[in-house]
Amino acid sequence: MSETKSKDPSTENCFQPERWVSEHGDYLFHFALSRLRDPSRAEDMVQETFLAALKSGSSFQGRSSEKSWLTGILKNKIFDYYRKSGREKPFTDLEFYSDEEESHFEREGFHKDGWIQESGPQEWMNAGKSLDNEEFWITIRGCISKLPKNVGAVFTLREMDGVESKEVCRLLNISDSNLWVMLHRARMALRGCVETNWFGRNQEARLPK
Amino acid sequence: MDMFLPSCKEAVRLQSQELDGALGLKDQLRLRFHLLMCTLCRRYVKQIDFLHEKALRDERLNEGSETKLSPEAKSRILGIIKENHKP
């Protein structure tokens, strides 16, 4: 009983900002940076998250871990930021990779819009096993960070944060059809990047024994 | 022909739309029909599903240690937290 109490950050004698920053600072910063692509804004968000957590300390009741509680606060801050900047300028980016999309498919002939054999999807060996390899995560994070900024915002909201499509459209001020185009191109680009950089050659050598 | 059988280019677009819950029954059938006959699209769809269901929802994706808060930023943030904490 006393143990659960001492873990509750809302109790006065457990206010440990040093521990907060050292335990969760890097995680929250990485979380914000991968979504906002702006180090100083990400830093500000981390700071605001801690301040908000401090104010609403009583709402943390140990139901979830401290980390996911803080992450929830940060997510809301990021959503607010998107909502605000989406009102000023919609997040639409339709230029992105349309050429790359074209390059995978036959342009004409009987097989028009079918895969060009040599640039079609390759077999991914041991995909499930990759999840246990830290290098796989570095690769996929790198691929996500290469998506253009607006597309990255759409993609991280929908695919990583699991926000419903309608809600993403509202937040970022884009239409349904623009959302679908952006998501499709982002998925296609990510698939290609992961294939090239992870499932490509020498994959066997990198898998854990 | 298009009515019944989408091209590969269209099929992969349909799959993406299906993941966002925006595919009508007719297009769902067209997609399934195409996948029955197309090895490369089956492979593509499986890979996208893997990314969508497994990799992108995995908590490890957010555990990147490639980027860290600088020591300066940490002490700045710490200072501001303490400043704002009024017992």
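The values are calculated or read from the model by the stated rules, or taken from the named source; none is laboratory data. Everything quoted here is computed from the prediction, not taken from an experiment. Backbone-built Cβ (ideal geometry, glycine too); neighbour counts: all protein chains shown. All accessible areas refer to the heavy atoms of the entire protein, side chains included, with ligands and DNA or RNA removed. Shrake-Rupley method; radii C 1.70, N 1.55, O 1.52, S 1.80 Å.
Scanning the stretch A:98-156 for residues that are open to solvent by 40 Å² or more (accessible area, probe 1.4 Å), under 19 Å from residue B:53 (Cα atoms) and under 15 Å from the mean Cα position of the chain (by Cα) returns a single hit, A:138.
Taking helices (runs of 4 or more DSSP H) as the structural unit, those lying wholly within chain B and holding at least 1 residues that are within 7 Å of chain A (Cβ to nearest Cβ) correspond to B:8-19, B:39-49, B:71-84.
For the residues A:59, A:2, A:10, A:34, the requirement of being open to solvent by 10 Å² or more (accessible area, probe 1.4 Å), at pLDDT 85 or above and of a type in the set (S, T, N, Q) singles out A:34.
Looking at the stretch A:149-168, can you tell me whether even one residue there is more than 23 Å from residue B:61 (Cα to Cα) and either modelled with pLDDT of 95 or more or at the interface with another protein chain (Cβ under 9 Å from one of its Cβ atoms) (or both)? Yes. In the set (1) of a type in the set (Ser, Thr, Tyr); (2) open to solvent by 50 Å² or more (accessible area, probe 1.4 Å); (3) closer than 17 Å to residue B:7 by Cβ, residue B:44 fails one condition alone, (2).
Going by the conditions given, is residue A:124 hydrophobic (A, V, I, L, M, F, W, C) and in contact with a Pro (Cβ under 8 Å, 6 or more places away or on another chain)? Taking the combined requirement at face value, the residue does not satisfy it.
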